[in-house]
Amino acid sequence: MTPSLFRSGPQRRRNLKGENKESEEVTEAEEKHDFKPVIKSTSPSLKRKRKPSFTCSQCGKRLSYKQSLKIHMRVHSKERPFICDQCGTSFALKGSLKHHMKIHTGEKPYTCNQCGQSFTHPSTLKLHVHSHSGERPYNCDQCGKKFIRIGSLRAHFKVHTKEKPYVCSLCGKGFSQMGALKTHQQRHSGVKNHMCFECGKSFIRDAELKQHQKTHTGEKPYKCSHCDKSFSQSGHRKIHERIHTGEKPHTCNQCGMSFTHPNTLRLHLLSHFGERRYNCDQCDKTFVRAVCLKSHQKVHLKEKPYKCSLCERGFTQLSAFKSHQRRHSGEKNYMCFECGKTFITNAELKLHQRIHTGEKPYTCSHCDRRFSWLASLKIHERSHTGEKPYHCSSCEKSFSKLASLLSHRKRKCQME
């Protein structure tokens with residue numbers, strides 16, 4: 001006979017009472033959610049009642065406690081009962097709200113004993129500590145890449161399996177992670193929740209904001225292993241080092257030309273497929289991208305609200321005004337990853353990159369010759385029209401190019 005059957009008195013009554021209560025809880029859960037108690041193992045002893053495992057009817061996940069099941073169901077119901085009274089963000093868990101509130105209070109109780117940097121959550125500190133030790137305990141058995149977190153390894157592994165279960169309903173693009181899909185969808189909506197308090201610029205992702213903030217702090221922790229240049233982002237250093245190694249991993253499938261940077265390849269492809277569909281209604285200029293047309297149309301506006309305090313020159317666009325100010329300071333933030341040359345404006349960089357990409361978007365209206373720059377096209381077309389707009393004030397000789405006039409003046413002055 002089973003020993004527990006011989007018990008008597010208060011102990012037996014307590015056991016029976018506990019068993020009856022637990023049975024009532026299981027019955028109640030079965031009635032409400034159609035959950036089935038699962039016994040993980042069998043034993044001849046009745047001393048200990050097996051804890052029921054509650055199974056979610058939505059996804060099949062099993063939980064040990066009724067309260068855990070209730071919290072888990074919020075994943076499916078999207079219920080977020082805990083709301084931040086500062087910004088209105090809602091959470092499924094009370095602990096998540098408590099952690100979030102530290103953003104508003106500025107509380108960072110967890111401090112790194114290596115560098116003194118503080119964090120709001122212990123898990124963030126734990127990950128940060130790995131940056132000092134260099135420890136990456138989780139290895140990919142496919143390519144050998146190492147990771148600090150097991151979650152990062154799992155996400156990375158989908159690169160090898162080609163699994164992309166999360167699909168954008170707007171454009172059909174697939175993603176291996178739900179977080180990547182949500183970030184992508186924000187790009188469709190244009191929502192930029194992460195703002196830089198230094199300059200007011202907004203970003204879709206927190207990671208993008210953190211990278212941007214290095215432009216204000218001047219922090220450049222990533223040093224080139226071949227020269228003295230430093231970079232604010234590891235990706236920029238990696239691309240820069242290709243100048244030294246000669247690596248050009250991005251190849252055009254149309255002509256076979258290779259490039260160090262994917263953006264350079266993207267610009268190059270315009271020379272093959274770049275249909276100039278966007279026309280300016282004020283002049284005859286055409287553009288490949290709508291954003292370029294929008295930027296160009298401001299040229300026709302007479303209003304110039306941005307004034308330079310050094311030379312009083314006016315600008316229609318804030319970006320043009322900032323670029324102009326860099327000409328006074330000599331600051332050149334835009335670097336060509338093909339040759340390392342730097343430029344004051346992004347537009348100058350893009351024009352320069354045509355040397356590497358071979359892009360020639362300007363075609364002569366009189367012959368088949370093509371040019372990378374509009375100015376080169378205009379000079380060439382004068383060979384067809386015979387136009388010579390540059391005149392020497394001394395001898396009244398005319399020239400089609402300004403350089404020819406300047407050269408003529410120099411020679412004349414030397415002769416005199």
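For the range 245-260, filtering for residues that are assigned to a loop (DSSP other than H, G, I, E, B), touching a residue at least 12 places away in the same chain (Cβ under 8 Å) and out of contact with any Lys or Arg (no Cβ under 8 Å at 6 or more places or on another chain) leaves 5.
Selection within the range 316-330: residues that are among the polar types (S, T, N, Q) and free of Cβ contacts under 8 Å to residues at least 12 places away in the same chain. The member of this set that is surrounded by the most Cβ atoms within 10 Å (Cβ to Cβ) is Ser319.
The set of residues in the range 393-414 that are of a type in the set (A, V, I, L, M, F, W, C), outside any helix (DSSP H, G or I) and loosely packed, with under 14 Cβ neighbours inside 10 Å contains only Cys395. Under the condition of being touching a strand residue (DSSP E or B) at 6+ places or on another chain (Cβ under 8 Å), of a type outside the set (Ser, Thr, Tyr) and either outside any loop (DSSP other than H, G, I, E, B) or under 30 Å from Ser77 (Cβ atoms) (or both), the residues counted in the range 88-134 number 11. Annotation note: of Ser189, Ser152, the sole residue that is modelled with pLDDT under 80, polar (S, T, N, Q), surrounded by 13 or more Cβ atoms within 10 Å (Cβ to Cβ) and out of contact with any Gly (no Cβ under 6 Å at 6 or more places or on another chain) is Ser152.
Answer yes or no as to whether Ile239 is of a type in the set (A, V, I, L, M, F, W, C), under 30 Å from Arg154 (Cα atoms) and either more than 14 Å from the chain's Cα centre (by Cα) or assigned to a strand (DSSP E or B) (or both). So Ile239 passes the test.
Need pairs with beta-carbon distance below 6 Å; first residue among the polar types (S, T, N, Q) and within the range 172-191, second modelled with pLDDT under 80 and in a helix (DSSP H, G or I); sequence gap 6+ or separate chains. Once the first residue is among the polar types (S, T, N, Q) and sits in the range 172-191, its partners that are modelled with pLDDT under 80 and in a helix (DSSP H, G or I) give Ser176/Lys158; Gln177/Ala155. Against the criterion of being under 25 Å from Ser123 (Cα atoms), assigned to a helix (DSSP H, G or I), within 17 Å of the chain's Cα centre (by Cα) and at pLDDT 80 or above, Leu181 qualifies. Residues that are free of Cβ contacts under 8 Å to residues at least 60 places away in the same chain, under 24 Å from Tyr362 (Cβ atoms), surrounded by 11 or more Cβ atoms within 10 Å (Cβ to Cβ) and of a type in the set (S, T, N, Q) are absent from the range 230-244 altogether. Pick from the range 261-282 the residues that are part of a loop (DSSP other than H, G, I, E, B) and either under 26 Å from the mean Cα position of the chain (by Cα) or at pLDDT 80 or above (or both): which of them is surrounded by the most Cβ atoms within 10 Å (Cβ to Cβ)? Taking the candidates together, the pick is His261. Select from the range 219-251 the residues that are closer than 19 Å to His352 by Cβ and in contact with a helix residue (DSSP H, G or I) (Cβ under 6 Å, 6 or more places away or on another chain) and list them in ascending order. The one that is closer than 19 Å to His352 by Cβ and in contact with a helix residue (DSSP H, G or I) (Cβ under 6 Å, 6 or more places away or on another chain): His250.
Restricting the range 331-348 to residues that are surrounded by 17 or more Cβ atoms within 10 Å (Cβ to Cβ) and over 18 Å from Arg237 (Cβ atoms), which is nearest to the chain's Cα centre (by Cα)? Residue satisfying both the conditions and the ranking: Thr345.
The values are calculated or read from the model by the stated rules, or taken from the named source; none is laboratory data. For clarity, every value in this text was computed on a predicted model and none was experimentally measured. We place every Cβ from the backbone using ideal geometry, glycine too, and count neighbours over all the protein chains shown.
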